[in-house]
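Let me begin by presenting the structure, written as structure tokens, before commenting on it.
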Amino acid sequence: MSPRRKRVPPPGEELTTRQQLLLALVVRDYGETAQPVGSKRLVERYKLEVSAATVRNELAVLTQKGYLAQPHTSAGRVPTEKGYRFFVSRLLERGELPSEDRHTIAHQFYQAQQDIDQWMKLAASVLAQRVRAASLVTAPHPEEVRYKHLELIGIRGRQVLMVLVLVGGEIRQRLLYLGEPVSQERLSTAAERLNRRYARYDLQAIREAPLPADALEADVLRLVRAEMEESARHVVDEVYHDGLSHVLGEPEFAESEAARRALAVLENRTVLEELLRRVVADAEIGSVRVLVGSEDWEVLRDCSVVLSRYGTPGLASGMVGVLGPTRMAYSSAIPTVRFVARLLSDMMTETLAE
């Protein structure tokens, strides 16, 4: 008979109700002040019905278990990454924005023009203002690269602008240099023939399709293939930011190396691609993920990121989120990111349906 395995309790299960409350209060207080939190302050500020000595003992237990740390012997406590993760795990199970806040945000979006670029800019602005953190919004990217529509526009001489629209709304443009000038009529005819032949083709079908006998159409199809392959290589298209000053003004980022890491998460395309793969590539649309500090990813040392995937299943999706110090206001960040993601998803689905 095989020996019975010892049950390993999930994180936080060993904490009493009082310890969970005190951990939440330390996270809240430290998030507001960036100063270590002492037992006397907790009792006085939150009108706790226990003595400062009792709270001090409980904080010592939380420190021993790794949820809090004490920077100096005589100082108060600060949350550790383990403490933040426990706190965040409880928030992910619940937490919606108040109905008044949801109505205000929705009204802002529905007043905007029916333009995806405007929605992205507005999402970045709303997230930055409400969470007081740096926002990160990526334009919707097709989940499957699929041909939708093509236009060929003569510019001058032998130059032709190709405008390729993919299913999901991505638009790619490329200049084509022909061997000899071609009339706009012929360009339009070639585009119509290609649209009739290849509409809804995915990348694999385009790769396997034989080149047309017409030399112009063959050149254009090669270019279409190259643009679709380029689209498939990247999961991050245009990126929208706002609120960077909120992050760089925090004491954690006064040191230049910490600021550099925060900027890399927001602005480095390679880092963003990796972030998307790690967090939301396989996540359900509307679900929220939180990365806390370097245990999740070294580049996130001193940072936390709250992210959600938005979009229309099977067509296109993107990412919305905020970045801030590990002591960011998760109780505001998580429901705000969740609501903005759901709102963008609904608006995209309505637009695509039309």
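Scan segment 100-136 for residues that are within 20 Å of Gly168 (Cα to Cα), assigned to a helix (DSSP H, G or I) and of a type in the set (D, E, K, R) and the total you get is 2.
Number of residues in segment 26-44 that are crowded, with 22+ Cβ neighbours inside 10 Å and in contact (Cβ under 8 Å) with a residue 60 or more places away in the chain equals 1. Remark: Arg309 matches the filter, which requires a residue to be in the same structural domain as Trp119 (by TED's automatic domain parsing), buried (at least 24 other Cβ atoms within 10 Å of the Cβ) and either without any contact (Cβ under 8 Å) to a residue 24 or more places away in the chain or basic (Lys, Arg) (or both). Only one entry in Leu62, Leu48, Leu15 is farther than 30 Å from Thr349 by Cβ and either at pLDDT 95 or above or aromatic (Phe, Trp, Tyr) (or both), namely Leu62. Of all the criteria given as (1) in a strand (DSSP E or B); (2) at pLDDT below 90, the one not satisfied by Val322 is (2).
Beta carbons closer than 7 Å, at least 6 apart along the sequence or on distinct chains, pair a first residue in segment 145-162 that is free of Cβ contacts under 8 Å to residues at least 40 places away in the same chain with a second that is of a type in the set (Phe, Trp, Tyr) and in a strand (DSSP E or B) for Arg158/Tyr177; Gln159/Tyr177.
When Leu42, Leu48 are screened for being in a loop (DSSP other than H, G, I, E, B) and either of a type in the set (D, E, K, R) or more than 19 Å from Thr326 (Cα to Cα) (or both), only Leu48 passes. Here Val224 fulfils each of the conditions (1) assigned to a helix (DSSP H, G or I); (2) surrounded by fewer than 19 Cβ atoms within 10 Å (Cβ to Cβ); (3) at pLDDT 85 or above apart from (2).
The values are calculated or read from the model by the stated rules, or taken from the named source; none is laboratory data. The structure presented is a predicted model; accordingly, all values stated were derived computationally and were not measured. For neighbour counting, all protein chains shown are included, and Cβ atoms are generated from backbone atoms with ideal geometry for every residue, glycine included.
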